[in-house]
């Protein structure tokens with residue numbers, strides 16, 4: 001279904017880049033093919049530039065903003081781009097990225113989840129209690145799976161309340177923010193009343209999720225495999241679209257993207273494999289980085305290569321059209337909130353691993369705001385139907401860069417909140433103006 005001139009589409013993005021996924025044929029390949037298949041690089045770049053001029057700038061503003069942030073902080077403090085600080089920035093941003101991914105699932109539907117911060121806290125508390133050698137004494141993997149299962153169940157419950165009772169997601173998840181905070185505090189208080197509201201993570205495996213590092217050789221091997229798989233996915237995905245008569249980037253553009261991805265991986269490895277220790281050797285990519293890459297790859301596949309993912313975009317683009325096309329709106333929404341809960345649980349595990357404990361002091365309210373900010377700053381629309389998982393990664397890195405850079409400058413927490421708020425406001429403004437411009441273009 002072509003509503004206007006179709007322009008080149010990134011093979012990684014199943015829905016239409018303007019947020020209107022085809023609801024009439026959701027089970028088929030994404031209906032965003034161009035009327036003329038562009039095969040040469042010059043034509044593709046020309047059409048891409050028309051998209052940018054029409055308001056579909058994609059991730060360009062986000063990347064430009066990240067570059068500006070890096071330049072400013074490096075100019076103010078030369079330690080910002082040091083190997084140790086860059087690795088620390090990635091570790092700091094892991095929780096923000098995962099919470100942003102949790103929000104992407106529901107934001108694509110035009111919903112929101114304000115409870116992910118304390119859902120993460122509840123999941124982490126369950127894990128810490130079960131893994132504690134003085135409380136439940138369960139194996140680390142049992143504790144981990146239990147924490148993730150509880151977080152997922154919370155998402156399912158909230159999704160059922162929203163869909164079956166037709167309640168606004170804002171209200172249900174706001175109640176969840178308050179309620180799950182109470183549940184978390186109750187669990188910690190009653191599990192370890194003499195510990196002062198803190199449950200330590202004693203399992204070395206759970207602690208190493210964030211604090212452990214890959215060996216230098218393992219880092220290179222994993223990076224090579226990831227880049228190869230990603231490159232094959234892009235190449236064969238583009239070929240599949242060409243065979244279907246759809247628009248796909250030329251092979252030269254695909255090769256350039258793969259090359260840029262390989263360069264980024266090499267730079268990351270060089271930085272991470274630099275000795276960051278002072279008195280002992282500390283090198284290697286933190287375990288949390290391949291975990292993030294794995295989650296990103298899995299979720300990107302779900303959104304862009306499965307029927308469920310196409311349904312999410314279709315509902316977010318036009319829920320009524322999706323319903324008339326036979327999509328079960330309730331089932332998709334419940335599943336999306338379940339995935340949001342699961343991802344929040346993963347974020348809770350990462351958060352607890354980084355601190356080596358879970359305590360009553362976890363600020364789930366601030367965490368959820370950072371999660372929403374990560375998704376929106378990265379480019380996911382608050383209005384539904386438009387966004388990618390990689391947006392949460394970019395947004396989370398930007399928030400971590402602000403958090404980290406201001407910390408290096410010795411700036412107060414108040415300034416950190418203000419700067420993050422201004423960046424978020426700018427992102428929402430760009431999103432709103434883009435949608436207005438696209439609407440005006442469509443009416444011409």
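The values are calculated or read from the model by the stated rules, or taken from the named source; none is laboratory data. Since we're looking at a predicted model, the values are computed, not measured. Cβ coordinates were reconstructed from backbone atoms using ideal geometry, including for glycine residues, and neighbour counts include every protein chain displayed.
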- Can you work out which of the residues in region 276-300 that are part of a loop (DSSP other than H, G, I, E, B) and within 23 Å of the chain's Cα centre (by Cα) is surrounded by the most Cβ atoms within 10 Å (Cβ to Cβ)? 285
- Query: In region 201-211, which residues are surrounded by 16 or more Cβ atoms within 10 Å (Cβ to Cβ) and either in a helix (DSSP H, G or I) or not assigned by the TED database to the domain that holds residue 140 (or both)?
  - Reply: 206, 207, 209, 210, 211
- Query: Pick from region 115-134 the residues that are in a loop (DSSP other than H, G, I, E, B) and in contact with a helix residue (DSSP H, G or I) (Cβ under 9 Å, 6 or more places away or on another chain): which of them is nearest to residue 103 (Cα to Cα)?
  - Reply: 115
- Answer with yes or no whether residue 175 is within 21 Å of the chain's Cα centre (by Cα) and surrounded by fewer than 17 Cβ atoms within 10 Å (Cβ to Cβ). no
- Query: Among the listed residues 36, 45, which satisfies the condition of being in contact with a helix residue (DSSP H, G or I) (Cβ under 9 Å, 6 or more places away or on another chain), within 21 Å of residue 251 (Cβ to Cβ), exposed (fewer than 14 other Cβ atoms within 10 Å of the Cβ) and modelled with pLDDT under 80?
  - Reply: 36
- Query: residue 166 fails exactly one of the following numbered conditions: (1) under 17 Å from residue 336 (Cα atoms); (2) assigned to a helix (DSSP H, G or I). What is the number of that condition?
  - Reply: (2)
- Assuming residue 316 fulfils every condition listed in (1) assigned to a helix (DSSP H, G or I); (2) under 27 Å from residue 403 (Cα atoms) apart from one, which condition is it? (2)
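This table checks each residue for (1) surrounded by fewer than 24 Cβ atoms within 10 Å (Cβ to Cβ); (2) assigned by the TED database to the domain that holds residue 149; (3) not in a loop (DSSP other than H, G, I, E, B).
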| residue | (1), (2), (3) |
| --- | --- |
| 322 | no, yes, yes |
| 345 | no, yes, yes |
| 352 | no, yes, yes |
| 361 | yes, yes, no |
| 367 | yes, yes, yes |
| 373 | no, yes, yes |
| 377 | no, yes, yes |
| 387 | no, yes, no |
- Does residue 405 satisfy being surrounded by 22 or more Cβ atoms within 10 Å (Cβ to Cβ) and within 30 Å of residue 318 (Cα to Cα)? no
- Message: When you scan region 67-88, do you find a residue that is outside the structural domain of residue 390 (by the TED database) and over 22 Å from residue 411 (Cα atoms), even just one?
- Response: no
